[in-house]
Amino acid sequence: MRSLGLLFVVLLAPTPKAWAWDRGQVEIFAVLPAGSSGPEGIEVGPDGKVYVTTFGFTSSGAASGEGQLFVFDVGGRLLRKSLEQITQELEDTAAQHGAPVVSPGSSG
């Protein structure tokens, strides 16, 4: 019975402040173009460029069309927003380094 009482006290004890939510001083890095769905994935490349993928939902509901990939420079300026542009750039870079390239839909 004593352990049940202790459990009851622990469950009703006030919870400490969640420090994970205290982000301190922050500033906006970049804003996605109008009509974009929310960011789903964010990655920083070795060159400092920030890659953001989107798909799913906008503030008004389900998003239509394919997801997009946006590339921002280190200052938050949008560099590219077309998946085709980025795919071509990756293929060109791979070819320059002699890496094999397998494009979507190819049998390679």
Handout entry: Inter-residue pairs, beta-carbon under 7 Å, first more than 21 Å from Y51 (Cα to Cα) and at pLDDT 70 or above and in segment 84-108, second of a type in the set (S, T, N, Q) and in a loop (DSSP other than H, G, I, E, B), 6+ apart
Key = none
Handout entry: Count of segment 23-56 residues which are surrounded by 14 or more Cβ atoms within 10 Å (Cβ to Cβ), within 15 Å of G76 (Cβ to Cβ) and of a type in the set (V, I, T)
Key = 2
Exercise for the section: Collect the residues in segment 53-82 that are aliphatic (A, V, I, L, M) and either at pLDDT 90 or above or out of contact with any Phe, Trp or Tyr (no Cβ under 9 Å at 6 or more places or on another chain) (or both), keeping them in residue-number order. Expected result: A62, V71, V74, L78, L79
Completion exercise
Over segment 57-98, the set of residues surrounded by 12 or more Cβ atoms within 10 Å (Cβ to Cβ), within 21 Å of V31 (Cβ to Cβ) and of a type outside the set (A, V, I, L, M) is F57, T58, G67, Q68, F70, F72, D73, G76, R80, K81, S82, Q85
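The values are calculated or read from the model by the stated rules, or taken from the named source; none is laboratory data. Predicted model, so just to flag it, every value in this text is computed and none were measured. Methodologically, a virtual Cβ is constructed for each residue, glycine included, from the backbone with ideal geometry; neighbour enumeration extends over all protein chains shown.
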